[in-house]
Amino acid sequence: MQIPPSFLENAEKKGFSKNHRKTLKFNIGKYEAKVVQGKRQFADLEHARKLAKNIKWHTMANLPRLLLEFEHHFTARGGKVIWAENAEEAQIAVQKILEAKEAKMVVKSKSMITEEIELNSFLEKKGVQVVETDLGEFIVQLREEPPYHIVTPAMHLSKEDVAQLFHEKYGTPADSTPESITAFVRKELRILFQQAKVGISGGNFLVADTGSVVLVTNEGNARMASTFPDTHIAIVGIEKVIPSLNHLDLFLPLLATYGTGQDLTVYNTILNGPRQPHEHDGPSEMYVILLDNGRTEILEDPKKRQSLYCIRCGSCLNACPVYKTIGGHTYDSPYSGPIGSVLSPHLHIGEFEDYVHLSHASSLCGKCTESCPVKIDIHQMLLHNRHEEAAWDTQSRSELRAWKAWRSVSLSRTKMNVPRFAKNITANLFLKKLWGPRREFPKFPSKTFNQLWKKGKV
Ligand code: SF4
């Protein structure tokens, strides 16, 4: 396995940054306290989770049919569906729409899939200004960095960091409160919502039996970005479909509770297509770009399929001791944390080898699996990635040599019984560096298992 040096450097930097740990501890601590409250709304939480998993299982087993059903209902109301096999096709589709509309600026609501296809940098290269309208996204865009977390993009920043940022960029007081910053951004954005010809969003769910796109936010910005501009483009992964509108009754509270600890997110918007003749507002044109980008290959493999159940609540990130130590940016993938480590090697965002090291960035404690509302066996899937990596033959020569040596020693009683000092010297020589400078390197016991066995002590 080749671990990118930047991963090790950033992990080290973040892991030993007191500020980073303090900010994360504070923000995740607040989240954890709220989640406990949110879970109380479920009479039988386990049943709700199992039901959600079963619905997702059914969805994946019927994905082609459900997507066509969605398309049928959505287009019947005048919506347009574009099927994009990869990021490039999705980018080009957006570009063509913007060109047709002569749009030089777009307002965007938070969407991880647009991070996945690197839409912002693509559009900016084409001379289009992209305005992020979610407050967290607005902040990280100002800092010219990617989102830190799939639900809370600016989780790594304290309110003092944000006040300082706005002071530097806009000259607001350096001790601005979160309320005054929110009011400032709201004012800045209001005019842009009105000026933009095109709004872009992701989609939390696609509903097959009604042909609806469901957007969930706490700020109402997705509602503004999808209704003020005359054209709305929703870019959505094909796995986001659910069979029926009735299933929102389960998925919306699950997403809210596991995402932010709320009973329900503040704004839940169900869009059924463009403005109809008898309606007064909404876009005159609405497009849904259905993105594959590696998802059908994941679907094809029964051992990986479960990863498509993910509703992007971010709960496994907040639960993961590794994420909480190394932070979201260290993953260097649009999807960080445990589920990001599972998905990134298989989505077409790079090569398998570029991301498989993330499957080793785990203690396999199972906290991620425990915390997942749709009961994805996340830690088992990390193991599956490692297994696949072994088959892909991506290990370095030195690692292969080490395993060969380990096998040869393990299979030989004579080698296992060599004197303790010889084993300690060999282990020190070849393994101490890998063990790292901060842990005490273990020593071999004075008696081998074989010697203890002969004495009847085991
Ligand atoms: S894998 Fe589960 S816990 Fe993690 S983001 Fe997806 S739904 Fe949430």
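Summary table
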quantity: List 396, 6, 446, 212, ordered by accessible area with a 1.4 Å probe, largest first; calculated: 446, 6, 396, 212
quantity: Largest-first ordering by accessible area, 1.4 Å probe, given options 354, 281; calculated: 281, 354
quantity: Lysines with Cα under 25 Å of residue 34, excluding same-chain neighbours fewer than 8 positions away; calculated: 18, 22, 25, 50, 53, 110, 159, 324, 367, 375
quantity: Solvent-accessible area, 1.4 Å probe, carbon plus sulfur percent, for the chain; calculated: 55
quantity: With DNA, RNA and ligands ignored, accessible area of residue 313 (1.4 Å probe; Å², nearest 10); calculated: 10
quantity: Long-range amide H partners of residue 208 with built H, under 5 Å; calculated: 242, 244
quantity: For residue 182, solvent-accessible area (1.4 Å; no DNA, RNA or ligand), Å²; calculated: 50
quantity: Label-point separation, residue 144 to residue 245 (7 Å along Cα→Cβ), nm; calculated: 4.7
quantity: Segment residue 426-residue 360, extension gain: residue separation times 0.36 nm, minus the distance between their alpha carbons; calculated: 21.3 nm
quantity: Other-chain or far-sequence residues with amide H under 5 Å of residue 235's (modelled H); calculated: 201, 202, 289
quantity: Exposed-site-free run, longest, the chain (rule: GluC sites (Glu not before Pro); DSSP loop; at most 12 other C-beta within 10 Å); calculated: 145-278
quantity: Built amide H within the under 5 Å cut-off of residue 293, gap 5+; calculated: 86
quantity: DSSP beta bridges in region 179-254 [antiparallel fraction, %, rounded to 5]; calculated: 35
quantity: Per-residue ³J(HN,Hα) for region 336-343, Karplus 6.51 cos²θ - 1.76 cosθ + 1.60, θ = phi - 60°, Hz, x for Gly and Pro; calculated: 9, x, x, 5, x, 5, 6, 7
quantity: Stretch gain in nm, segment residue 351-residue 12, where the contour uses 0.36 nm per residue and the Cα spacing is subtracted; calculated: 119.6 nm
quantity: Extended-chain gain in nm, criterion 0.36 nm per residue less alpha-carbon gap, residue 99 and residue 164; calculated: 19.7 nm
quantity: HN-Hα J in Hz across region 295-311 - Karplus 6.51, -1.76, 1.60, θ = phi - 60°, x for Gly and Pro; calculated: 5, 5, 5, 5, 4, 5, 9, x, 6, 9, 3, 3, 5, 7, 6, 3, 9
quantity: Cα-Cα pairs of region 409-454 separated by more than 16 Å (percent); calculated: 45
quantity: Nearest-20 debye value, region 62-295 charge dipole, Cβ charges on Lys, Arg, Asp, Glu; calculated: 540
quantity: For residue 14, solvent-accessible area (1.4 Å; no DNA, RNA or ligand), Å²; calculated: 60
quantity: Percentage, to the nearest whole number, of Cα pairs in region 178-232 over 17 Å apart; calculated: 46
quantity: Region 331-441 - percent relative contact order, Cα under 8 Å, separation 6 or more; calculated: 16
quantity: Unpaired by the 4.7 Å Cβ criterion, cysteines found in the chain; calculated: 310, 313, 320, 365, 372
quantity: The chain: radius of gyration over Cα atoms, expressed as a fraction of 2.2 N^0.38 Å; calculated: 1.11
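The values are calculated or read from the model by the stated rules, or taken from the named source; none is laboratory data. The structure presented is a predicted model; accordingly, all values stated were derived computationally and were not measured. Neighbour counts run over all protein chains shown; Cβ positions are idealised from the backbone, glycine included. Remember, those area values only see protein heavy atoms, side chains included, never the ligands or the DNA or RNA. Shrake-Rupley method; radii C 1.70, N 1.55, O 1.52, S 1.80 Å.
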